[in-house]
1. Hey, if you drop one equal point scatterer on each alpha-carbon of the range 254-378 and run the Debye formula without solvent, what base-10 log of I(q)/I(0) do you get at q = 0.11, 0.16 Å⁻¹?
2. Could you state the principal axis extents of the C-alpha atoms in the range 57-206, from the largest down, to the nearest angstrom?
3. Using +1 on the beta carbon of Lys and Arg, -1 on that of Asp and Glu, and nothing else charged, what's the dipole of the range 151-243 about the Cα centre, debye to 20?
4. Considering the range 184-340, what Rg and Dmax in Å follow from its alpha-carbon atoms?
5. About the Cα centre, and with charges only on the beta carbon of Lys, Arg (+1) and Asp, Glu (-1), how big is the dipole of the range 125-165? Nearest 20 debye, please.
6. Just list whichever of Lys246/Lys266; Lys203/Lys239; Lys239/Lys363; Lys169/Lys200 have alpha carbons separated by over 21 Å in the model shown.
7. For the range 146-253, what's the radius of gyration and Dmax over Cα atoms, in angstrom?
8. Taking a cut-off of 12 Å between Cα atoms, list the aspartates and glutamates near Lys78, but don't count ones fewer than 8 places away on the same chain.
Amino acid sequence: MCCRGNQIETQVRCNISRCSKSTLLLSKSHYLLVLNLQKSAEGIMFIDSRFLTTPGTAFEMSALEKIEEQLARLRIAKRSVLREEPAYLLDIDVSRSAPSESGRCVAVSCSNQSIRLYNRETLNFLREYSSRPGMLNGVRFAHTCDSLVFSACSDGTIKCWDIRLAAQKAVQIFSGYPSNVFISFDINCNDLIICAGTEKVEKDTFLVFWDARGNTDCAGTTREPLGVYSESHNDDVTKICFHPVKPSWVVSGSTDGLVNVFDIDKDNEDDALISTCNSDSSISFIGWSGKGYEQIYCMTHDEGFCWWDLAQLDTEEPITLLRIQDARDTVCIENDSLNYLVGGAYHEKADRLFLIGGTSTGKIHLLSCGADGLSLVGTLGGGHSATVRSFCWNLADESLLTGGEDAQLLLWRPGAVEKSLTKKETLKIASSVQKRVRVHNSSFKNRKK
């Protein structure tokens with residue numbers, strides 16, 4: 001039993017093969033509780049004392065507590081069928097609406113240099129796009145036209161496919177400059193601007209911008225850049241993320257440790273730079289959070305976490321909300337560990353930032369982020385058998401999609417029951433992202449020396 005203030009977390013282990021019910025005596029203040037434990041491969045459930053009633057007290061949960069309870073109830077609902085050519089699943093995005101009669105689609109960026117499409121509800125495979133010999137990095141659906149899916153390519157282009165068409169050829173190609181190798185990108189909330197980040201070539205690192213509007217009726221249409229930012233980063237630009245509601249705001253992260261916020265409506269790069277925050281390590285993930293999305297946060301390749309409040313830029317209050325050098329050392333998980341962080345998502349109803357981390361054996365840890373640190377909400381087991389690389393959280397219905405190094409795509413829903421819980425073996429292959437992370441870590445250590 002691990003105590004933090006008034007919160008008591010009790011970890012209940014039950015041999016599922018012998019029983020499906022367990023009677024627990026928790027403390028003097030709680031009566032016997034009969035739990036109907038759902039079967040899972042790990043047979044583990046976490047009980048938080050906030051969800052228990054005592055004699056004569058009214059039981060009422062806050063919005064945050066209700067959401068945390070839903071997250072703790074996530075179970076596997078669907079599992080994709082393993083492809084003949086298995087690959088790490090490195091990035092996931094979901095269409096906002098149904099672009100066809102078959103329903104909403106899931107797009108997955110894979111380590112075999114392809115983009116795979118699946119049905120959102122069934123996880124049935126639909127089709128695959130490739131850009132060989134170029135390598136695809138990241139995947140995004142357009143916000144206003146869900147039939148368009150984008151990916152950055154190492155050949156110096158951003159490619160756009162129309163999933164309504166049977167053709168494998170990209171309907172639009174956004175070309176960069178000859179030396180550009182794109183490793184990150186995003187499209188803004190009104191689908192007008194695309195921004196991509198490059199690897200460092202000699203002394204040059206760029207943020208490249210395009211007008212995303214164009215004619216998709218003519219396959220292979222090529223568009224030239226609107227312009228570039230070249231002064232704000234001095235190493236690989238690993239992440240780009242536009243503001244969820246302000247189309248001109250974008251945040252970028254780099255292996256130089258800097259997280260830069262821009263307003264691209266300004267005339268030049270110097271005027272556009274709103275803020276520069278230093279994480280002191282190579283950036284692996286960035287995002288927006290808080291009411292009005294006035295906060296930014298990042299994760300690093302050595303499992304650090306930083307969280308800043310841009311609303312304090314013009315005040316005397318500190319901008320840093322939380323800084324954790326190594327999350328693996330700070331998160332308390334009874335009889336388990338946190339090996340890495342994957343990413344985060346801000347929940348508007350709960351006004352809470354949640355993070356996803358995990359273990360090398362495939363367990364997923366859901367973490368709640370507050371000014372006092374990170375705390376465990378729940379652990380998802382029995383799904384993946386290797387490191388989880390990607391996720392997409394649908395906060396409307398609390399469902400979660402995850403992809404990993406075991407080549408599995410999983411759909412989790414609160415209270416779901418999967419017909420089969422067969423675990424797949426870990427894939428013994430090295431992804432391009434894994435290789436790049438190793439390079440980033442070594443270069444960061446060299447700079448520190």
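The values are calculated or read from the model by the stated rules, or taken from the named source; none is laboratory data. Remember, predicted model here, so these are calculated numbers, not experimental data. Here Cβ is always computed from backbone atoms with ideal geometry, including for glycine, and neighbour counts include all displayed protein chains. Areas reflect the complete protein model, heavy atoms only, side chains present, ligands, DNA and RNA absent. Shrake-Rupley method; radii C 1.70, N 1.55, O 1.52, S 1.80 Å.
1. Log-scaled intensity ratios, in q order: -0.39, -0.79.
2. 68, 36, 30
3. Values: 8 positive and 13 negative charges, 58 e Å.
So the dipole magnitude of the range 151-243 works out to roughly 280 debye.
4. Looking at the range 184-340, its Cα Rg and Dmax stand at 17.0, 57 Å.
5. On the way: 5 positive and 4 negative charges, 7 e Å.
It works out to roughly 40 debye.
6. Lys239/Lys363; Lys169/Lys200
7. Answer for the range 146-253, Rg first and Dmax second: 13.5, 42 Å.
8. Once the sequence-local aspartates and glutamates are set aside, what remains near Lys78 is Glu121, Glu418.
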